[in-house]
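Please treat every number below as a calculation from the coordinates, not as lab data. Just so you know, these numbers come straight off a predicted model, no measurement behind them. As a convention, Cβ positions derive from the backbone with ideal geometry for all residues, glycine included, and neighbour counts pool all protein chains shown.
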Amino acid sequence: MISVEHLTKRYGRHTAVDDVSFHCEPGTVTGFLGPNGAGKSTTMRMICGLTPPSVGAATVLGRPYRQLPNPGREVGVLLDASAQHAGRTGREALTVAAATMGVGRREVAVKLEQVGLTGTAAKRRVRAYSLGMRQRLGLAHALLGDPRVLILDEPANGLDPEGIFWMRGLLRDFADRGGTVLLSSHLLREVEAVADRLVVIGGGRIVAQGGKDELLAGDRTLVRARDAAALRRALAAAGLAASDGTDGSLLVPATAETVGQAAADAGVPLSELRPAEGGGLEQLFLSLTTNSIPQEAAR
């Protein structure tokens, strides 16, 4: 499992990640979502021991990542598909990784076949790979040690629709066999299709987390007023985030009673107030993260 407790990262006066806590359990895929600049990658780098936290701690399988004796055999990590030796072939890159982890060479061929890099593709130098091929090689590297945990940052970048569908099945199968997956992606529909749990970060802070079904069934309200600017100010004063709906409406992640009270307190007359129909993960994401990104936030 993955345990994140009060992780904070400051760069001078700027706080990139602010008191982030969540857990990823075996047998689940956790979707880690947030707009660019929200702190997703910084959080994942802290989990993997690449960026030291200013406050807090993270453990994988009960230990800090750096204390794992052979981390590649326990945790498969893909944070940047481009961070691979461009002069080696795909097969050579994986063979070096296998030797480092103490994995038999036979597993190199097995994993290359699993990710669809066989024949000519395996013999091609990485510098000639497309982004999608680099993603597949990165996934092969992450899977090479038969780990119990996968930590993946935007692994679907560059994959075609068929590749995305394949990756979804791979991650679902991994979790169904008892593995733990932490998945960051901007492809919300794909996350919605594969994830069991969601952690949403905005402006460096967790704005929502829980079971996917629970969060998608949460209270959301569609509200409209002739004076849209005054309505926005009223909602902001009440601490309610709002995202643009249709025809000048706003979508608010709160009950109709709470939204109506905020408008009434500010003296803003409403022309429409009703529970919003389910809009899926995309609509939930927008309602939670709109206006949550600091101007100088680091991704």
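A few points about this structure:
- Most simply put, the chain has about 60% antiparallel DSSP beta bridges, counting only bridges with both residues inside it.
- Pairwise FRET efficiency - residue 25 versus residue 193, Cβ, R0 = 25 Å, nearest 0.05: 0.80
- For the residues 160, 19, 196, a GNM of the chain with alpha-carbon springs under 10 Å puts the largest fluctuation on 160.
- Here the gap between residue 36 and residue 261, fully extended at 0.36 nm per residue and compared with their Cα-Cα distance, gives a gain of 77.7 nm.
- Taking amide H positions as modeled 1.01 Å from N, with prolines and chain starts lacking one, the residues under 5 Å from residue 272 and 5 or more places away or on another chain are 224.
- Cα centroid separation - the stretch 214-238 against the stretch 72-150, whole Å: 47
- Within-14-Å neighbourhood charge of residue 74 [Cβ basis; K, R +1; D, E -1]: +3
- Per residue of the chain, the DSSP helices (runs of n ≥ 4 H) give a summed -39500 (n - 2.57) that works out to -10000 deg cm²/dmol at 222 nm.
- Most mobile of 75, 259, 29 in a GNM of the chain (Cα contacts under 10 Å): 259
- The simple Förster model, with R0 at 45 Å and r as the Cβ-Cβ distance, assigns residue 213 and residue 100 a FRET efficiency of 0.65.
- Net +/- balance of residues flanking residue 23 in space, Cβ distance below 13 Å, scoring K and R +1, D and E -1: -2
- Net charge of the neighbourhood of residue 95, taken over other residues with C-beta under 13 Å away and scored Lys/Arg +1, Asp/Glu -1, is +4.
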